[in-house]
Structures are given as structure tokens and as C-alpha cells.
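Working notes for the structure below.
What follows is calculated from the coordinates using simple rules that are stated; it is not laboratory data. Values in this document were obtained by computation on a predicted structure and should not be read as measured data. Cβ: placed from backbone, ideal geometry, glycine included. Neighbour counts: every protein chain shown.
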Amino acid sequence: MKRILIFLALVIVVTLSVAPVAADDPIVVTASQFTINFGKNMLFQLDAQSSANITKVELWLQFDGNPSIFRGTPKFDADKKIQATYDWNLAQKYLPPGVSGQFWWEIEDSAGNKEESDKKSFRIEDNRFKWQKLSDQRFALYWYGGGDAFGKAIFDRAVQAMDALQKDTGVAVERPLQIYLYDKRADFLSAMEPGINEWVGGRAFTEHGITLINVSANDLNYGIVATPHELTHLIVHTKLGDIGTAGLPRWLDEGLAMYYEFVPPALEPEYDRLLKRAIQNDTLVPLRTLVGNFATDANLATLSYAQSFSVVDFMYRRNGKDKMTQVLLEMKQGSAFDDIVRKVLGVDTEGLEAAWRQDIGAKPRVIPTRSNTAPTPFPTFGLSTDATSTPAPRVTGATAVPTTVARAVTPAPVPTSAPAAPSNPISQLCSGSFALIAVGIFGPVFYRRMRRSAA
């Protein structure tokens, strides 16, 4: 028995002596840190060592509330002991204050050892100011201009709006949202990405659930209206997602935001007067026109927002809150808006407008009828053995003229829309009653409030 045990012990020793060893020592992370230089860069730094040369390092980032993961390759010199640095240039890849997430490292050495570091948190802070904060589970308000009463008044109004929106539509806050109020105009502009237009009064970054607004400490009245408006945009856009938001008519988007500016809902006197005048003069903007960008003319833009509020108010009164909830849920699926309202309300956009006009005492909008006469057909090419002649130049974007004209009518004025801006995956602009605007989205519409709040 003793001989058998001795034999087994010898076999184990021999086996262990010939087994391959990946490395004498594993990779060790000695330091992992994050530094923010607001407006300039984010620095991610790693110190690590191994018994073999470290040959590969990758930085991984995941933003809170976003499933996407970013991978970056830091700079370092291959060695057994390394310092790696990844420099995120905020001027080139802008991120607003309040963005947070986690980062970690994947490390590999020449012996084939691999190591994934522990995850660490990071957050972009605008540390130039001493921020005050009020928050609940759904929403955080940051401000540095004005005292406690200033912030509390705005926060309380925003909470009222969130409660009303959730009660009316069931659309709840799915992740904590943040709003930063910048007291000084120069402070606000310097917190934005390079090249921002100087008349922009605010910007929403719906991917991150963050909005920045220029609200002077001397203009509380503006703050208690602008903040719930922008908060409504954030909540609705976050609920609908990219697909739903892409098909959301502008009038419905802005109408909902204006509807929850006040609790109970109310249209401000200047907008109400303009709406009543348009009803009296039969100069309302066709609802179909308000599906896209609003007009750049200040009066037409203001009327567009007034009408948007009025139509949303009518939808609530006539169809009930459950129907609005159903419309938004259908929007989230990415269906066409006309298909949605036909299914939920039994009308298309023109039918909805006709019912709304009747409700507010406006004249019916006369829509030109199409001719049933078929146009004269023209061949797309000629069958001929003759030499090919030079074709007439094509006129891009020309509007075809029908051969038969419907009876003459006076169409409602159609405002000129501003050209569409290049899409930005992490930001959206809002305009209207708060002058949260930029050229390329809604044009340079200047409002009294914006000028008064600029400092």
C-alpha cells in the first residue's frame, strides 16, 4: 500500500512539472482614474504591470441609460509596466454636463494573459460654478443663479407638469432626467459645443436625458414656463424612442409641451390674442403644414405654437385622455401618424383639423379638389432610328401643373419652413414660446423673452 502511495505521488509531481504555465504572475491594475477638464477633454488613465510585456490595452465606456458601448484605443508604450492614457476631446466629440457612465479596461500581454479591470464610474461636471440642486426620483434641477426660492419655484412647477403628464397619458419618467439652468448668456454658450449659434436659448440631449437652458436669475417667470416645457419634450421623446420621435408631428410635439407649461393648462395672453385674430381673419395655418418645421417668420411661428396648443387641448376635450395615450403608444411602434389617428380617432389629419376648426369657431378650410381628368401621356423615351437629340434640361423640384384646374379657392397661407439641419444623434433643438432655437431647425426667430433672459 505504501509503495502505491509513493508511486502516485511521483506521478503527480511529474505531471505538475511538465504542465504549461501561462505566466508567472497575472496582469495587475495598479491605478484606473478619470479626470474632467470641462469644455476641453476627458482623460482616462491606466497604470498596469505584468511579468510579460503588455501589448494591448482597450478602453470601454458605457453611458448611463444607453445600451451602446464605446471602445477606444489609448496611447501607451509596450512594456512590463505601462501607463496608458485615452484623451476624449470634447470639442470634437461633445458631451453635455451631467453625462455619466462606467468605464473599464481590457489588457493583454505577450504571454497571452488577459485581464478586465473593475468598472468605475465617471461623470461630466461643469465645475466652473457652485451648483444648487433639487431632485426627486425622476428629475434633478441644477442652477447657480438665484437663491433657494428661485430654484424651488421652478422645480415645483416642473414636478406639477410631470405629475399631470403621467396622470393624463400614462407616460412616466423611465430614467432620471436632468435640467441645467445657466444664469448668464456667456456661461450658457461656453457650455455648448463649439460653433453653436449665439441666439440659441436652450438645447435638449434626449439620448442622455439632459437639457441646458439659459434662464436668468432675474427672469423667474420665464424659468417656470421653459423648464416644464423642455421636461415634457424629454419625457415624451424618451418614451417614444428614436423611431417614434421621428414620426411625431411637430404640432403634436410642441402642443404637448405647451399644454403642460401650466397646471391647469392655459395659453398665455399673447398667444391667445394671436390665435383669436387668426380665427377672425381666417388666417390659421393648415395643420398639415405644421407637421414639419415651423415658419421662420416670428408671427407665423408664434401662431403655429398657439395652434399646436389649441389642437392638443381639443384632442383632450373631445377624445379623452385615454385616446391621447393610445396615440402615443402607437407612435412608439413607428406607424405613420395618419394611420394612427384613423385607427384611434377615426379621422386623418384633415379630418382632425376640420373638427378642431368647428370647435373653435373658425371657418372650414377649403381644400382644392383634384381633377379626375387623366393627364396626356408622354413616352419616357422615343423609338427612333434618328440620331439622339440633346434632351431638354431637367428642372429639379418643379411642380407639375394639372391639365384641368379645380374651382378657384383662396388657400390658407403656407409659411416657409426653414431648411432641415444635419441630424445629430445626441441632441435636439426646441423653439417657440421660449426661443430655444437655432438656424437650420427653426430659423432665427427672436422673442422678447429670450432677449430679456439674456445676460
**Message:** Report the gain in length on full extension from VAL28 to ASN127: 0.36 nm times residue separation, minus Cα-Cα distance, nm rounded to one decimal.
**Reply:** 32.4 nm
**Asked** Say each of ASN66 and ALA336 gets a label point 7 Å from the Cα, pointing the same way as Cα to Cβ; how far apart are those two points in nm?
**Response** 3.3
**Prompt:** What ranking, highest mean first, results for peptides 167-175, 100-108 when packing means the other Cβ atoms within 10 Å averaged over each residue?
**Reply:** 100-108, 167-175
**Message:** Using DSSP to call loops (not H, G, I, E or B), can you name the trypsin sites (Lys or Arg not before Pro) in segment 93-128 whose Cβ has at most 15 other Cβ atoms within 10 angstrom?
**Reply:** LYS93, LYS119, ARG128
**Message:** Just to verify a number: FRET efficiency for ARG273 and GLU106, C-beta to C-beta distance, R0 = 56 Å, to 0.05?
**Reply:** 0.35
**Request:** Just tell me which lysines come within less than 28 Å, Cα to Cα, of LYS167; anything on the same chain fewer than 8 places away is out.
**Result:** LYS133, LYS152, LYS239, LYS321, LYS323, LYS332, LYS343
**Asked** Which length gain, in nm to one decimal place, applies between LYS93 and VAL366 when the Cα-Cα distance is subtracted from 0.36 nm times their residue separation?
**Response** 93.3 nm
**Request:** Would you mind pulling out the separation of the Cα centroids of segment 84-163 and segment 240-296, in Å?
**Result:** 33
**Prompt:** What chymotrypsin sites (Phe, Trp or Tyr not before Pro) in segment 206-311 are in a loop by DSSP, with at most 10 other Cβ atoms within 10 Å of the Cβ?
**Reply:** none
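In the neighborhood of ALA78, defined by Cβ-to-Cβ distances under 12 Å, what is the net charge if each Lys or Arg adds +1 and each Asp or Glu adds -1?
Charge balance in the 12 Å sphere: 0.
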